[in-house]
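Contents: one structure, followed by commentary.
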Amino acid sequence: MSGEVSAAGPLGRLARAAGRARRDPGVAATAGRRAVRVTLAAVTGFYVGLYGLDRPVAATYALFGAVAMAGLSRIPGTGRQRARVVAQLLPLGWVLLTLGSVLAVRTWAAVLGMLVVGFLLAFGAAAGPRLAGAAPGLQLLYILPCFPPYAPDTLGERLGGMTFGLVLLIAAEAFVLPDPPTRSYRDLTADATDLAARCAGRLAEQPWKLPDGEREAALAAIQGLRLSNVPEAERPAGPSRRERALTHAGRAARVLLAHLGELDARADGLPGPARAALLRQDAAAADGPTRVLRSGRPADPAPIEQAARDFQRLRSGEAVDGPPAGTAALRRDAVLAATAAAAAALAATAYLATGALSAAEPLRRSELWYADRSDAALWAHRFLAHLRPRSVYFQNAARLSVGLAAARAVAGVLSLPHGFWAMLAALTLTRSTAALTRETVRLALIGTLVGALAGAGLLVAVGHRSDVYAVILPVVMLATFCLGPTRGVGWAQALFTLTVATVFAQLAPAGWHLAEDRFLDVFTGSVIGIVIGLAAWPKGAHRQLHRDLAELLRAVAASTVVTTSRLTGRTDGQRQPRLLDALVMAESTYAQYQCEVLRPRPAGERPDWQAALLAGHHALRGVRRFQRDEPDSAGAADVVDVVEVDGGPAPLPVDPVLGRASDVARIYADTAAYLAGAAADRPVVPAAVPEPDSAGAAAPARPLLFDVYAWLDSLRRDASRLLGSPLPPPGGQSTRA
């Protein structure tokens, strides 16, 4: 599971980026560097093609190729990272430009092609932020041939011009005004595992406490590994085996540090030889991934797994440094066992992230279900998982492709002289909610009108003097790509209108009607965008978030009952709910919801959505730990952590375990019903949590009983955080998107 993958795409974040740029000089500086690079590549390609080679078609495609992949695309990362992405996508650009040139001759073929190609490119956002950022530029490469004269016989010149422009762009991104370097997620994870190794070593020796500095560093590392706190280009959000493993390694490092912090808080005297030995094994297990992630050389994670099994056997026989001291010792041992499990998961995922297959068979049957699958199968799994109407990736792709196809149909039927401008307007102005689309279109039309008036005045004043336009173009283009991303969509449309006026005035004699055509085409595309936005999921992720989180909470509720029922021997043919599937859908919807919320709201106006997602992760971790041979939605089998007695599992006492699980399940089921609008009363989490009653459990099963109770208590705490602030009315009527 990738986790916290942004779903809105780059165009949906432009407004927030503009707001940040006004407050953060660093964002404005980054936009300035990008503007210099795209201007240098586009203008150089245009001038060489037009004035050096006298090839206006090649010049046009060189300019718009660079503009597409640097001005319109928002590929995250440094210049060198973007240069690699553009180079990798160059063959796809050839295919799209060829397909667009061939299909553009007939309107019906162009419309059908736009419908299919537009959907596939937009749906590619499910693969992660890099492809999501490049998608708008790739769309432009396809729609660029959609203006008369439709001349497929100039395809070679078009391909040559686009290739030249993109090669110039790759060189500019790689070598001109380099961006400050960023730390990779792999390096951040290695630092966190190194810190975890030091913390575990500290807890295994006198005074069995963490110094204040390391305790604070652990908290900072836990937050630093959150994908939302990592630059987009460094997030391992893709579906490949290595990226999935690196995501899991970072999550395991966070869990390990959190458990070590809990052990530090529960320190109540000597840890004892067995506990100290396990902590030293934890330290060694965390030190291994540190070296693996920094060197890339895999090693064997087996020792920590064997140490964890030995500790479980000691707990089962109540021989952990002598008889247990009571509830506090049992709770501490439950945390210690969870710490060892997190260290084992960290070791296995770190080795897999370097390209090696882990020897941890139980983990490979659960969390590492993808270890033996090819990258092609994992890509197909990611896309198929989101190929459904409830996925925000599917909704965004369907909305955009229909809008582009409608714009292409109107441009063909009405024979618009620059029909691709209408399609470009639909591409850049359509947002994931009808409200955002209306607001964006309003600003865009104002900006386009201002730019059209300025362009008309320029065309009238300068006339047909192409040398003047050649001097003006770099200045106007630099302003367009510097101020547009930082000042908002109105500025972007105004300056881009002025840019296209100076470009087309050099290609052929042009009058003020060129500016008029530009405004009418943008108006046409804007109207189409508004209509499609009103017809296709007008609330965006707003309503969908309530539905997906309600589904997630219902899956959490069912998972607690099914899992504990199996541990007590009361299976009754129950099957594990699709918890992983619900969690993936909820995370992607929440990511888009964050992009749609442009105005800050008081904390009391919405629930803690992240607490709901955290509850999903906690539930999934417990299911995978306590269940065996039960497939999850990814086709993986889960792992059981039960205590063997005389060759068979020792069942847990039915009444206390199922009673506690039923209480937790009721809280989540009631909250899900409230979010879905099926219940009128807001759920309440009981304030007091009784101590575990292990009297009904056999002695070997007592440690497992405390492990299960610790899991259920963590879910109860998550529910308390979720319901700690007033929930909005069902359906979110009080929340404005």
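Quick look at the values:
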| read-out | value |
| --- | --- |
| Scan of the stretch 388-423 for residues that are polar (S, T, N, Q) and over 20 Å from G137 (Cβ atoms), ordered by number | S391, Q395, S415 |
| Long-range neighbours under 8 Å by Cβ, at least six apart or interchain, first residue modelled with pLDDT under 85 within the stretch 379-394, second in a helix (DSSP H, G or I) and open to solvent by 60 Å² or more (accessible area, probe 1.4 Å) | R390/R547 |
| Members of the stretch 487-502 found to be over 26 Å from the mean Cα position of the chain (by Cα) and either farther than 12 Å from V450 by Cβ or hydrophobic (A, V, I, L, M, F, W, C) (or both), listed by number | W491, A492, A494, L495, F496, L498, T499, V500, A501, T502 |
| Condition check for E205: at pLDDT below 85 and either within 30 Å of A274 (Cα to Cα) or open to solvent by less than 40 Å² (accessible area, probe 1.4 Å) (or both) | yes |
| Selected residue (criterion: nearest to H546 (Cα to Cα)) from residues of the stretch 381-412 that are open to solvent by 20 Å² or more (accessible area, probe 1.4 Å) and among the aromatic types (F, W, Y) | F394 |
| Check on E243, of a type outside the set (A, V, I, L, M, F, W, C), in a helix (DSSP H, G or I) and without any contact (Cβ under 8 Å) to a residue 40 or more places away in the chain | no |
| Among residues of the stretch 178-202, those that are open to solvent by 30 Å² or more (accessible area, probe 1.4 Å) and more than 20 Å from A342 (Cβ to Cβ), counted | 7 |
| Criterion violated by S415 - all others in (1) crowded, with 19+ Cβ neighbours inside 10 Å; (2) part of a loop (DSSP other than H, G, I, E, B) satisfied | (1) |
| Selection count, the stretch 507-524, where residues are in a helix (DSSP H, G or I) and either surrounded by fewer than 24 Cβ atoms within 10 Å (Cβ to Cβ) or within 29 Å of the chain's Cα centre (by Cα) (or both) | 9 |
| Selected residue (criterion: nearest to T247 (Cα to Cα)) from residues of the stretch 160-172 that are open to solvent by 10 Å² or more (accessible area, probe 1.4 Å) and in contact (Cβ under 8 Å) with a residue 24 or more places away in the chain | I170 |
| Residue that is most open to solvent (accessible area, probe 1.4 Å), among those in the stretch 231-258 that are over 23 Å from L620 (Cα atoms) and touching a helix residue (DSSP H, G or I) at 6+ places or on another chain (Cβ under 6 Å) | E232 |
| Residue within the stretch 188-197 that is among the hydroxyl-bearing types (S, T, Y) and more than 22 Å from the chain's Cα centre (by Cα) present | yes |
| L449 farther than 28 Å from F394 by Cβ and open to solvent by 40 Å² or more (accessible area, probe 1.4 Å) | yes |
| Condition check for G484: under 15 Å from T448 (Cα atoms) and part of a helix (DSSP H, G or I) | yes |
| Elements of type helices (runs of 4 or more DSSP H) in the stretch 250-358, at least 3 residues being closer than 20 Å to D194 by Cα, charged (D, E, K, R) and modelled with pLDDT of 70 or more | 273-295 |
| Given (1) under 26 Å from A405 (Cβ atoms); (2) outside any helix (DSSP H, G or I), number of the condition R543 does not satisfy | (2) |
| Some residue of the stretch 209-222 being more than 28 Å from A132 (Cβ to Cβ), open to solvent by 80 Å² or more (accessible area, probe 1.4 Å), out of contact with any Asp or Glu (no Cβ under 7 Å at 6 or more places or on another chain) and at pLDDT 85 or above | yes |
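The values are calculated or read from the model by the stated rules, or taken from the named source; none is laboratory data. This one's a predicted model, so the numbers in the text were calculated from it and none came from an experiment. Positions of Cβ are backbone-derived with ideal geometry, glycine not excepted, and every protein chain shown enters the neighbour counts. Calculation scope for accessible area: heavy atoms of the full protein, side chains included, ligands and nucleic acids excluded. Shrake-Rupley method; radii C 1.70, N 1.55, O 1.52, S 1.80 Å.
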